[in-house]
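Since every read-out is calculated from the coordinates, none of them should be taken as a lab result. Computed from a predicted model, the values in this text were never measured in an experiment. Note that each Cβ is placed from the backbone with ideal geometry, even for glycine, and that neighbours are counted across all protein chains shown.
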Amino acid sequence: MDVSNGFEFFEETTNAEVESFFDSSPPLKDGDEIRRRVEDFVGKRCSPAVNERNNKVVCVTSGGTTVPLEQRCVRYIDNFSSGYRGAASTEYFLKAGYSVIFLYRRGTYQPYCRDLPDDPLLECFDVLDGSTVTVHPAHTEKVRTAISEHRAAIRGALLKLPFTTIFEYLQLLRLVALSMRCLGSRALFYLAAAVSDFYVPWESMAEHKIQSGLGPLDMRLNQAPKMLSVLRKDWAPAAFCISFKLETDTMILLKKAGSALKKYKMHMVVANELLTRKDEVIVVTESGNFVVQRDKTRPGADVESPLIELIVDRHSSYIDSV
Ligand code: 9Z3
């Protein structure tokens, strides 16, 4: 699906392509309500009355987007991402004092719930005497932490917005980015979601389930408009922007990350390889590359902790420099 080797051969995304993508996308369900919630959340942090420098907001994107093959969708193409990176990073950004807009794929990992078993309801809870629900002793601490930290976060500083398709994701990203403009350099984009490179335009998509038994299926996928440059240029030009580059071939990873940095004018590109992504990432910047590793001597330590530490530091310098 991600024919990453090919994308450099495509022309720059034009404004017309961007407009046509949004014009033909099915509108967001509850779009007005989502806009109201985002503007309310960001508006509180834009006001000059609040302590400016400490009022930083990050949009963390997480999970993969789908490309539906039918309007009444039965089949779709998916991009790999468990959402672990986004969920863990959200926790560290909150800890560092950021407000977080967590734009996530429905059904993927959630902040504070990463360590719960796969089937938390059935594995964490017990029913005593046929009526009282209790937490299984082996999971009490995890459940307590998940509930209390999550509750504290959503009370003030965490706004969660779910997506499934590439149409929903890009409309939400645009909505959030335009709202975050008022934050200037205090806005940070941490784009860890795995976004489809190809899609079927809504108007050329079959309405009903594609029928089988008619021989091979021929399908033409369009190149998805590259919204990273639009985000940088038009939506939130003063924001600090970090994108991710995923490859399975380490030989081309750094080259691809370097060209994404230049092409989309990112402030950082986090390069990772599929199999080692939980142990190591390489942060590619104009002033050089930084290898960030999980501390293997500490059980349970993850790579997101030192990664977010580095990013918070660089973002602060960026705020001071503009
Ligand atoms: C990433 O590279 C993320 O780090 C992962 C995280 C998806 C690998 P998990 O969710 O994994 O913890 O399981 N995200 C970006 C992937 C991507 O598709 N990037 C595009 C590309 O590489 C640019 S938007 O071309």
| remark: Which residues qualify? For S81, with a placed amide H closer than 5 Å and at least 5 residues away or on another chain, they are G64
| message | Can you pull out the trypsin sites (Lys or Arg not before Pro) in region 209-239 whose DSSP state is coil and whose Cβ has at most 13 other Cβ atoms within 10 Å? | response | K209, R220
| What list of ³J(HN,Hα) couplings, whole Hz, do you get for region 287-293 from phi and the Karplus terms 6.51, -1.76, 1.60, once you set θ to phi - 60° and write x for glycine and proline? | 8, x, 9, 10, 8, 10, 10
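Given charges of +1 on the Cβ of Lys and Arg and -1 on the Cβ of Asp and Glu, with all other atoms neutral, how large is the dipole of the chain about its Cα centre, in debye to the nearest 20? Walk me through the intermediate numbers first.
Values: 40 positive and 42 negative charges, 170 e Å.
In debye, rounded to 20, the chain gives about 820.
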| What does the highest-first list of 258-264, 91-97, 139-145 look like by mean Cβ count within 10 Å? | 91-97, 258-264, 139-145
| said: When a/c reaches 1.5 or more, the comparison of a/b and b/c decides; with that in mind, is region 63-206 rounded, prolate or oblate per its Cα gyration tensor? | reply: oblate
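How much length would be gained if the chain were fully extended between D40 and V291, taking 0.36 nm per residue of separation minus their Cα-Cα distance, in nm to one decimal? Please report the intermediate quantities before stating the final value.
On the way: separation 251, 0.36 × 251 = 90.36 nm, distance 3.77 nm.
Length gained between D40 and V291: 86.6 nm.
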| message | For the chain, which cysteines have no second Cys with its Cβ under 4.7 Å from theirs? | response | C59, C73, C113, C124, C241
| field | Charge-dipole axis of the chain as Lys and Arg at +1 and Asp and Glu at -1 on Cβ define it, positive-most pick from T134, S82, I319 | value | I319
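Size of the dipole of region 125-184 about the Cα centre, Lys and Arg at +1 and Asp and Glu at -1 on the beta carbon, nothing else charged, in debye to 20? Kindly include the intermediate steps, with their values, before the conclusion.
On the way: 7 positive and 5 negative charges, 88 e Å.
Dipole magnitude for region 125-184 comes out near 420 debye.
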| Per-residue Cβ neighbour rank within 10 angstrom, fewest leading, T66, T285, T248 | T248, T285, T66
| query | If each residue's Cβ is checked for other Cβ atoms within 10 Å, how do T132, T90, T65, T108 rank with the fewest at the top? | reply | T132, T108, T65, T90
| task | Let me know the charge dipole size of region 183-322 about its Cα centre in debye, to the nearest 20, where only the beta-carbon of Lys, Arg (+1) and Asp, Glu (-1) is charged. | result | 260
| task | Search the structure for amide H atoms under 5 Å from the amide H of Q110, placed 1.01 Å from N in the peptide plane, and list their residues when 5 or more places away or on another chain. | result | none
| field | Packing-based order for 160-171, 71-82, using average beta carbon neighbours within 10 Å, highest first | value | 160-171, 71-82
| field | Rounded, prolate or oblate (a/c below 1.5 giving rounded, otherwise prolate when a/b exceeds b/c) for region 33-131 by Cα gyration tensor | value | oblate
| request: Starting with the fewest neighbours, write out L121, L28, L188 ranked by other beta-carbon atoms found within 10 Å of each beta-carbon. | output: L121, L28, L188
| message | Can you compute the FRET efficiency between L121 and A16 using 1/(1 + (r/R0)^6), with r the Cβ-Cβ distance and R0 = 41 Å? Round to the nearest 0.05. | response | 0.25
| remark: Using alpha-carbon positions, the gyration tensor of region 111-170 gives root eigenvalues a ≥ b ≥ c; with a/c under 1.5 called rounded, otherwise prolate if a/b exceeds b/c, else oblate, the class is prolate
| task | Starting from the exponent 0.38 and prefactor 2.2 Å, build the expected Rg for region 174-236 from its residue count and divide its actual Cα Rg by it. | result | 1.66
| For the chain, what is the calculated [θ] at 222 nm in deg cm²/dmol (nearest 500), taking -39500 (n - 2.57) for each run of four or more DSSP H residues and dividing by its residue count? | -11000 deg cm²/dmol
| request: Could you point to the residue in A187, L228, S212 farthest towards the positive end of region 158-235's charge dipole, with +1 and -1 charges on the Cβ of Lys/Arg and Asp/Glu respectively? | output: A187
| query | Starting at 0 and stepping by 10 Å, how many percent of the alpha carbon pairs of the chain end up in each bin? | reply | 5, 24, 33, 24, 11, 3, 0
| query | Under a no-solvent Debye model with one identical scatterer per Cα of region 54-101, what's log10 I(q)/I(0) at q = 0.31 Å⁻¹? | reply | -1.06
